[in-house]
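Just below is one structure, and these are the notes that go with it.
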Amino acid sequence: MKVKHVRPGLEKRALIVRLRRIKGQVEAIEKMVEADTDCSDVLMQVVSARRALKSFSEEMIESHMHECIESAASQSEGRRELRSLLTVLKRYAV
């Protein structure tokens with residue numbers, strides 16, 4: 001069974017703001033394609049969106065690592081939590 005990760009209000013808000021910014025970038029890319037914008041301009045926006053998403057995912061991984069390690073130290077189900085962490089890291093690295 002997966003455990004819910006409840007984030008403090010400010011942390012959660014900051015993550016949502018970042019996701020909305022990324023969503024805006026992707027929507028802008030869609031409009032650029034619809035408007036037949038030059039490929040190099042579109043690709044520059046794609047690079048920017050990819051970097052933003054990568055930064056977001058790295059923050060989520062760091063949070064997940066801390067959560068799993070703290071859980072492993074304080075619970076008997078620690079091995080399962082660490083396996084979950086390793087699975088996430090392997091998938092992210094590929």
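The values are calculated or read from the model by the stated rules, or taken from the named source; none is laboratory data. All values derive from a computational prediction rather than experimental measurement. Virtual Cβ from ideal backbone geometry, glycine too; neighbours counted across all protein chains shown.
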Are any of the residues in segment 68-87 β-branched (Val, Ile, Thr), at pLDDT below 75 and surrounded by 14 or more Cβ atoms within 10 Å (Cβ to Cβ)? yes
Within segment 43-63, is even one residue touching an Asp or Glu at 6+ places or on another chain (Cβ under 9 Å), within 27 Å of Leu82 (Cα to Cα), assigned to a helix (DSSP H, G or I) and polar (S, T, N, Q)? yes
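Scanning for something within 30 Å of Glu81 (Cβ to Cβ), at pLDDT 95 or above, assigned to a helix (DSSP H, G or I) and in contact with a helix residue (DSSP H, G or I) (Cβ under 7 Å, 6 or more places away or on another chain), does segment 22-40 turn up at least one residue?
Scanning segment 22-40, I find at least one residue that is within 30 Å of Glu81 (Cβ to Cβ), at pLDDT 95 or above, assigned to a helix (DSSP H, G or I) and in contact with a helix residue (DSSP H, G or I) (Cβ under 7 Å, 6 or more places away or on another chain), so the answer is yes.
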